[in-house]
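Okay, structure first, notes after.
None of the figures in this text is laboratory data; all of them are computed from the coordinates on show. Source: prediction; values computed, not measured.
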Amino acid sequence: MIGFAASHEASLHFHPTQPDTFVCYTGCLILVGSVSDPHQQSFLRGHDEEITCLALSPSGNLIASGQASRSRSPHSEPCVLVWDFASRQMIYRLYDLHDGTSHARNSVMRLAFSPDDHFLAGSDNAPSAKLCVWDMPSGSVAAAQKQKTLSFVTWGPVAASERKVSRHNKYR
């Protein structure tokens with residue numbers, strides 16, 4: 001894997017149902033490759049700036065990748081691209097993490113799929129960071145909130161029949 005540099009955390013993922021398959025990124029490209037055959041690889045192209053984070057859904061059906069805002073556009077937004085693993089095609093380009101007021105360049109830094117693949121959570125690294133949750137069947141924003149910069153994003157258990165996130169009583 002020439003060109004791979006793990007400059008961000010979670011930049012390499014192994015597929016949950018195909019143990020020989022991995023997903024990683026380098027520059028503006030996502031690489032889906034085989035551990036046993038270095039010639040078996042495919043590239044996902046769609047980013048126009050450096051990729052800054054990557055997530056693979058628990059089922060392995062979806063890939064999400066985040067990037068920095070455009071370096072040549074001072075008011076550009078960072079975006080999240082969601083990919084179908086089987087077809088290697090982009091299904092969503094999500095622009096919802098920018099607060100609309102920051103003039104600094106920011107990046108998507110954290111992405112995590114819910115255990116049932118129904119939601120994707122993401123946050124950026126702006127001083128007044130934003131946490132977004134997207135509904136994956138529709139690609140629409142399910143929730144958004146300004147936060148202090150987050151160290152990580154993760155999910156608790158999800159009740160499959162109700163599609164609600166289990167929460168501690170304090171947060172109900």
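Give, in nm to one decimal, the length gained when the segment between Ser140 and Gln40 is fully stretched (0.36 nm per residue of separation minus the Cα-Cα distance).
32.6 nm
Would you mind calculating the gained length between Ser128 and Cys28 on full extension (0.36 nm times residue separation, minus the Cα-Cα distance), in nm to one decimal?
Here the answer is 33.4 nm.
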